[in-house]
Amino acid sequence: TGSRVKGAKSYAWLFYDRDYLYIGIRHEPDPYKNDMPPAMKNQVPSFEVAMESQQGAHSHGWWQYDMVTSGPVYSMDGNFRGEFKLNNLFGMPEEKAKGFTESVEYKADVQDEENRTWTSEIKIPISKIGINPEEVEKLAFNIGVSKRNGWFAWVPTGGSIWKIENAGFIRFDRN
């Protein structure tokens, strides 16, 4: 909706070097309250990251520019159980999708399971997503988190985190 909502917050940090893009996320306590639906008591907190890439060898055979108005889009999920997956929304060949997923390092650390307090880290090989920070100034990016009272996005896109043509940007600093 684009309006601020009170409740548990999450914070994300991004960093890159020559070889990797790193994303760290800290999720504040999200306790179950008696006025919530009973299904929310066992809700599995998660997040989704969607990012644009550059057209290149990594995107041959699955990405076509008439799909959306950005470059190739990678959408990924992680949760507090330590599970990570690539959301293959655009028909990437299975072998490429498997290779990408296996190349990503993902860790989750749960500090308080009952109150859903946790942190997560992702280490993504830049070569696997076809980003060359020397050639690009910025790329579309968004992140959303699942809380007990719904999904929340860094930049609301009207329903899907991966619709990054309406999202924010990550900038690559060359200093």
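The values are calculated or read from the model by the stated rules, or taken from the named source; none is laboratory data. The model shown is predicted, which means the values in this text are computed figures rather than measured ones. Please note: Cβ atoms are built from the backbone with ideal geometry, for glycine as well, and neighbour counts cover all protein chains shown. Accessible surface areas use protein heavy atoms only, side chains included; no ligands, DNA or RNA. Shrake-Rupley method; radii C 1.70, N 1.55, O 1.52, S 1.80 Å.
Observations on the model:
- Residue in segment 102-109 that is within 30 Å of LYS9 (Cβ to Cβ), under 18 Å from the mean Cα position of the chain (by Cα) and modelled with pLDDT under 90 present: no
- Candidates ILE170, ILE161 - the one that is farther than 15 Å from LEU14 by Cβ, hydrophobic (A, V, I, L, M, F, W, C) and in contact (Cβ under 8 Å) with a residue 12 or more places away in the chain: ILE161
- For segment 83-126, the set of residues classified as closer than 20 Å to GLN43 by Cα and out of contact with any Ser or Thr (no Cβ under 8 Å at 6 or more places or on another chain) consists of GLU83, ASP112, GLU113, GLU114, ASN115, ARG116, THR117, TRP118, THR119, SER120, listed by residue number.
- Unmet criterion (only one of (1) open to solvent by 80 Å² or more (accessible area, probe 1.4 Å); (2) without any contact (Cβ under 8 Å) to a residue 40 or more places away in the chain; (3) under 16 Å from ARG26 (Cα atoms); (4) not small (Gly, Ala, Ser)) for ASP77: (1)
- Pairing each residue of segment 124-135 that is at positive phi with any residue that is of a type in the set (S, T, N, Q) and surrounded by fewer than 16 Cβ atoms within 10 Å (Cβ to Cβ), provided the two are 6+ apart or on different chains, yields C-beta distances under 9 Å for GLY130/GLN54; GLY130/GLN55.
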